[in-house]
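What follows draws every value from the coordinates through simple rules; no lab data is involved. Keep in mind the model is a prediction, meaning the values are calculated, not measured. Please note: Cβ atoms are built from the backbone with ideal geometry, for glycine as well, and neighbour counts cover all protein chains shown.
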Amino acid sequence: MLSLNNKFEFFDRAFAAAVFALILIGSLPQLTAAFDLVTFDNDMVYLNQKYYLGARHYEVNKIISIDNTDENLILAPSSLKYDKKYNRLLVGDYLSGKIRKYSLNSFKYSGDFAIESQGKKLLGNPADIYISSDSRNYVVVDQFFNRMVFFNSLGMSTNITGGLGEAMGEFSEPCAVAFSGGRFFVADKYNCRICVFDASGYFKYSFASKGTADSQLYLPTAVKVNSSGEVYVCDSGNDRIQVFEARGRYIKTIGRRGRSAGFFDAPSDICFDANSNIYVADANNKRVQKFNPAGDFLCEIKTLESSFLSEDYKPDFYFKMPKNFDSNEINFSLGSLSMPIKLDLNNETAHLYVLDSEQKKIFILDCDNFNKGRRLYLDRNFKDAIKYLKIVTEENPANLNAIYYLGFCYQQTYDYKKAYECYDKIIKYHSLSEVEKHARYQIKKMASVNPSNYFDVSGENNGQERKRSAMEITYKQYMQSAAEPTAFDRKRAEHFARYGIKPQTTEEVKPEKDIFLDYDEQ
């Protein structure tokens, strides 16, 4: 027998074990949920900008106000260029003739670029800016003084070329410049042509003429050269984009006048990303349009949305909402574009910079939808995560990681059929990866708590086929049961056998018509 002290010690140990068991049992659901909420090692591949430059959904990450204040000093913005080396934006002002610098670290005005000597005005209207890849050489086309001005990195003028006129090397309000293959391409607006200069500023040749036919231009407002050396021109007066070879041979036309997707009304600027996608500032349609390298329409940016996931954009009058699993309070609207006239792009972060001259603001847009959806998934904000992950799976169907996260979010919001569809896509892909293993596990998990036919999504007439099959099975069971001898049949057979009576047989009566032929009509 146990002594009194041993009894107390036994009960103390039993009580401690019970408490530990309760704690363990209480924590089991959390442990299981933590196991289910997985991430994959190759997520970093899809977080790379090369995978989301093809995005079709953009949100505002930050807004830089450039209105005429003591800090910003912009009267009438006319140009925009991203300077990679110094992580800044250069913004031209055509009323003051200044080029303002805006830091992308502080998002504030940080001084002027061009250095004027002896108070002499150097620029009239800086309509466009070229920056070399090493940020050592800058070229500005001055629409007011009809010339090109060359600068070094300190903002000191090193060369000036051009002048007013129609002769070779002369301009009539040049408004855009691009550089490729050792040559500068300048959009000569009112001469309706593209002038080509060498790297030192000497005139080489020009192409195109005034008109509305293919290879003709009317009031060109922008010129850019893609990675293949093709020259893209915003033919603003004809509301289209024309593409030429470097020597001026016409290749093709993108778009025409209109308001529908892929059409333009006074396109004012163009730029390319690292995947050669095309971005066009469609000024009078108040939007930015995006095309793939072949010129096919991808999306438009018109309505400005933002979310509290944008780390840089947190205005004072907005506050981050607490986690709410039943609403989409993470997103809010900032209105629409009014007059987007200039564009540029940071290929390293995939940020798109849009200069709106009417609102006097620079909108910095991002498109890292996989990153946003993944962060919401990890924060267990499953309903909001679905929005971004659906966009990713539509844009990149091969992103199995996003499909799995989307399926898991559907599963946690009790939409098991959509979750099954996501997991089934992964399995049918036959990747033999960690993602497929987890997809199979989640399907088994859902199947254990749902009817066996719950996930039957084989076709449109699924329910009708199931009813037909059920009727066929019932009929077969009835016929089989009808063929079995009853108690009366057995007694009757015994009676015939006892008195040697031969039972009368009847042939099996077959139905003249298949009873199931008219089922669909019924």
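Of note:
- Listed peptides 413-421, 246-254 by packing density, highest first (mean Cβ within 10 Å): 413-421, 246-254
- 20 Å cut-off, amide nitrogen to a point 7 angstrom out along residue 168 Cα→Cβ, residues in segment 236-277: 246-249
- Taking label points 7 Å from Cα along the Cα-to-Cβ direction, residue 202 and residue 85 give a separation of 2.6 nm.
- Averaged over residues, the count of other Cβ atoms within 10 Å places the peptides 130-139, 377-386, 428-437 in the sequence 377-386, 130-139, 428-437, highest first.
- Label sites at residue 212 and residue 245, each approximated as a point 7 angstrom past Cα along Cα to Cβ, lie 2.9 nm apart.
- Linear extension gain, residue 394 paired with residue 379, 0.36 nm per residue minus alpha-carbon span: 3.1 nm
- Packing around the peptides 402-409, 170-177, taken as the average count of other Cβ atoms within 10 Å per residue, puts them in this order, highest first: 402-409, 170-177.
- Two-site label geometry, residue 414 and residue 45: point separation in nm, points 7 Å out along Cα→Cβ: 3.7
- Beta bridges by DSSP in segment 58-369, antiparallel share as percent, to the nearest 5: 95
- Residues in segment 340-356 reached by a label modelled at residue 265 [backbone nitrogen below 20 Å; 7 Å Cα→Cβ]: 340-343, 355-356
- Between residue 65 and residue 448, the FRET efficiency estimated from the beta carbon spacing at R0 = 60 angstrom works out to 0.60.
- Proximal lysines relative to residue 491, as straight alpha-carbon distance under 20 Å, when same-chain residues fewer than 8 apart are discounted: 502
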